[in-house]
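> Provided herewith is a single structure, encoded as structure tokens, for subsequent inquiry.
The values are calculated or read from the model by the stated rules, or taken from the named source; none is laboratory data. These numbers come from a predicted model, not from an experiment. Cβ placement follows ideal geometry from the backbone for every residue including glycine, while neighbour counts extend to all protein chains displayed. With ligands, DNA and RNA removed, areas are computed over all heavy atoms of the protein, side chains included. Shrake-Rupley method; radii C 1.70, N 1.55, O 1.52, S 1.80 Å.
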Amino acid sequence: MVRERFTPDFDPDCGDALLTSTRHDIVIGRWQGLRDLLRATGADWLSRGHRVRLLAQACAGSTTVETWLAAEPHSADALVLRAATETVRAFTLAIAAGRGVPIDRERIDTAVLACLRAAEAWPEDPTPWVSLISVARLYPTGVRRRELARWWDELHRRDRYSVEGHLQVLHYYSARWHGSHGLMYDFARDAAGVAPPGCALPVLVQYARVEEFRYALDGASGVHGAVGPGQHWSHDGAVSDVRRTWLRWLAGRGEAAVAPAELRDLNHLAHAACHAGTTDIASATLRIMGRRATRVPWSYTGDPEKQLLRRRGDLGLRG
């Protein structure tokens with residue numbers, strides 16, 4: 001019997017079939033699929049955040065969300081998606097301008113106002129506050145500390161353990177944006193320290209380690225070979241962080257399936273475990289992932305597919 005060769009599945013929707021179907025609607029400009037999906041998602045904040053984030057990326061280059069708003073101007077779902085879409089558009093402009101080149105402040109303000117309007121439309125929804133904290137990074141000097149703290153309080157009150165919300169604050173506090181490595185790691189570890197067992201927040205430390213590596217990579221003008229991994233991934237602190245995240249998040253989880261919205265988090269832990277040399281955790285996380293994978297963070301350390309194939313082979317994982 002010939003064993004099937006392992007091929008990772010880099011589905012951008014992370015296995016969310018309903019989301020994939022709705023993305024196809026965007027291509028043809030059909031907004032009703034967006035409405036139906038977000039209405040069905042309701043107040044499942046984990047799935048809602050995942051879906052809004054990816055739908056916004058798909059909507060950024062079209063007028064589909066504006067068409068929806070024209071048809072249903074008071075739809076809270078449409079307003080929330082437009083806020084996220086305006087945030088993506090602002091970041092797209094910033095990327096095109098190049099690092100360190102400010103973009104038109106009016107475009108950032110437009111995204112901020114869209115977020116605030118969305119927050120008013122559905123007061124319980126944490127999603128607009130995630131978008132708001134994200135777009136705050138684009139102001140050349142950030143936002144006033146008091147303002148960021150207020151936005152963070154609004155988000156925290158609505159979804160205390162939101163990984164995506166915490167991740168946006170982590171990026172804001174990073175050295176690439178408006179903080180430092182120390183501030184970023186302090187925030188990640190503080191959040192991990194108050195997370196209940198089974199909560200994914202401890203993986204923020206692995207996100208921070210990737211963010212620090214990206215900072216070094218940016219300094220080397222994006223040349224992978226110019227930034228050797230050295231002890232970045234495998235020093236004692238990094239190894240301890242991997243074990244701590246595993247124990248607090250996944251060790252007691254059993255066979256519970258990983259939701260599409262959690263797949264990116266799981267890949268960050270698997271990537272960290274592989275590079276840290278913690279073979280037991282690397283094997284366990286790669287088994288949980290199965291064929292499902294995300295290109296990030298693997299893409300920062302080489303070709304994602306080649307790395308996954310090599311790591312699985314080294315660990316004796318088949319199929």
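> Determine, from the Cβ-Cβ distance of residue 183 and residue 107 and an R0 of 35 Å, the FRET efficiency 1/(1 + (r/R0)^6), rounded to the nearest 0.05. Walk me through the intermediate numbers first.
Values: r = 27 Å, r/R0 = 0.77.
My answer for the efficiency is 0.85.
> In nm, to one decimal, how far is the residue 303 label point from the residue 194 one, both placed 7 Å along Cα→Cβ?
It is 4.5 nm.
> When the solvent-accessible surface of protein heavy atoms is calculated with a 1.4 angstrom probe, in what order do 28, 103, 281 fall, highest first?
Heavy-atom accessible area, descending, gives 28, 103, 281.
> A follow-up question, please. Let me cross-check residue 240: its accessible surface, 1.4 Å probe, with only protein heavy atoms counted, in Å² to the nearest 10?
Accessible area, nearest 10 Å²: 60 Å².
> Could you check how much of the accessible area of the chain is carbon and sulfur, as a whole percent, using a 1.4 Å probe?
So the carbon and sulfur contribution to the accessible surface is 53 percent.
> Sort 287, 51 from largest to smallest accessible area, using a 1.4 Å probe on the heavy atoms of the protein chains.
287, 51
> Suppose R0 equals 45 Å; then what is the FRET efficiency for residue 6 and residue 146 from their Cβ-Cβ distance, rounded to the nearest 0.05? Numbers along the way, then the final one.
On the way: r = 51 Å, r/R0 = 1.13.
The formula returns an efficiency of 0.30 here.
> Relative contact order for the chain: what is it in percent, counting Cα pairs under 8 Å that are at least 6 residues apart?
That works out to 17 percent.
> At 0.36 nm per residue, and after removing the present C-alpha to C-alpha distance, how many nm does the segment from residue 32 to residue 310 gain when stretched out fully?
95.8 nm
> With runs of 4+ DSSP H residues as the only contributors, calculate the mean residue ellipticity of the chain at 222 nm using -39,500 (n - 2.57) per run, divided by the residue total and rounded to the nearest 500.
The per-residue figure over the chain is -19000 deg cm²/dmol.
> What does the charge dipole of the chain about its Cα centre add up to, to the nearest 20 debye, if the Cβ of each Lys and Arg holds +1 and the Cβ of each Asp and Glu holds -1? Could the numbers behind the result be given before it?
Numbers: 41 positive and 37 negative charges, 113 e Å.
Approximately 540 debye in magnitude.
> Sticking with this structure for a sec: Binning at 5 angstrom from zero up to the longest distance, how are the C-alpha pair distances of region 235-319 distributed in percent?
Result returned by the calculation: 3, 15, 29, 26, 20, 7, 1.
> Could you report the chain's accessible area per residue, 1.4 Å probe, as an integer in Å²? Numbers along the way, then the final one.
Details: 14920 Å² over 319 residues.
Roughly 47 Å² per residue, with all protein chains present.
> How high is the relative contact order of region 77-184, in percent, counting Cα pairs under 8 Å that sit 6 or more residues apart?
Relative contact order here is 24 percent.
> Which far-off residues, 5 or more places away or on another chain, put their amide H under 5 Å from the one on residue 292, with H placed in the peptide plane?
9
> Mind checking which of 93, 65, 37 is farthest towards the positive end of region 1-136's charge dipole, using Cβ charges of +1 (Lys, Arg) and -1 (Asp, Glu) about the Cα centre?
So the residue we want is 93.
> Ignoring ligands, DNA and RNA, how do 171, 268 rank by accessible area with a 1.4 Å probe, largest first?
171, 268
> Mark the label point 7 Å from the Cα of residue 259 along Cα→Cβ and return the residues of region 42-69 whose backbone N is within less than 15 Å of it.
Counting backbone N atoms under 15 Å from the label point, the list is 42-54.
> Then there's this: Solvent-accessible area of residue 101, probe 1.4 Å, all protein chains present, reported in Å² to the nearest ten, please.
Using a 1.4 Å probe on the heavy atoms, I get roughly 80 Å².
> Once both labels are modelled 7 Å past Cα along the beta-carbon direction, what's the residue 99-residue 235 spacing in nm?
The two pseudo-label positions are separated by 2.1 nm.
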